[in-house]
Amino acid sequence: MINHHNSQQNYNSEFFEQGGEGKNYLWQYVQSLNPEVVEQLSHPQSQEVFQVMERNIVGLLGGLPSDQFNVSISTTREHLGRLLASAMMSGYFLRNAEQRMNFERSLQAAEHKSSQDYGEQ
């Protein structure tokens, strides 16, 4: 049985350690973002995307209900930054998937309307 938490940590570690000569351009980019951009990116417009991101982060941190347990999480600045970058990447992926889904729905609706219009002529 694979421990999802450990496999996720290993994936994130490998991802953030990629790059030639010890450089990680994505990590450098994330660190260079100003707080306003981070704030804007951390609030997705879609409630569905927000819920999936929230479940992902809870899965990474552990999901004890805070109203029943006194949950305290401590980490280093670097690990917190990696968690932020992981959440951002998940958000970008989910936003792209959401846009594709909406595009496909629009295309299907247009095709359906077009076939109805063609049938009426």
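The values are calculated or read from the model by the stated rules, or taken from the named source; none is laboratory data. The shown structure was predicted, so the numbers you read here are calculated from the model rather than taken from an experiment. When we count neighbours, we look across all protein chains shown, and the Cβ atoms used for this are built from the backbone with ideal geometry, even at glycine.
Computed quantities for the displayed model
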read-out	value
Single residue of TYR29, TYR11 found to be out of contact with any Gly (no Cβ under 8 Å at 6 or more places or on another chain), among the aromatic types (Phe, Trp, Tyr) and modelled with pLDDT under 75	TYR11
Only one of ASN96, ASN102, ASN56, ASN34 that is surrounded by fewer than 10 Cβ atoms within 10 Å (Cβ to Cβ), of a type in the set (S, T, N, Q) and modelled with pLDDT of 75 or more	ASN34
Residue count for the range 76-87, restricted to those that are under 19 Å from GLN51 (Cβ atoms) and touching a helix residue (DSSP H, G or I) at 6+ places or on another chain (Cβ under 6 Å)	2
Lone unmet requirement of (1) aliphatic (A, V, I, L, M); (2) under 20 Å from the mean Cα position of the chain (by Cα); (3) loosely packed, with under 13 Cβ neighbours inside 10 Å for LEU107	(2)
Residue match in the range 98-113 (condition: in contact (Cβ under 8 Å) with a residue 12 or more places away in the chain and within 25 Å of GLN51 (Cβ to Cβ))	yes
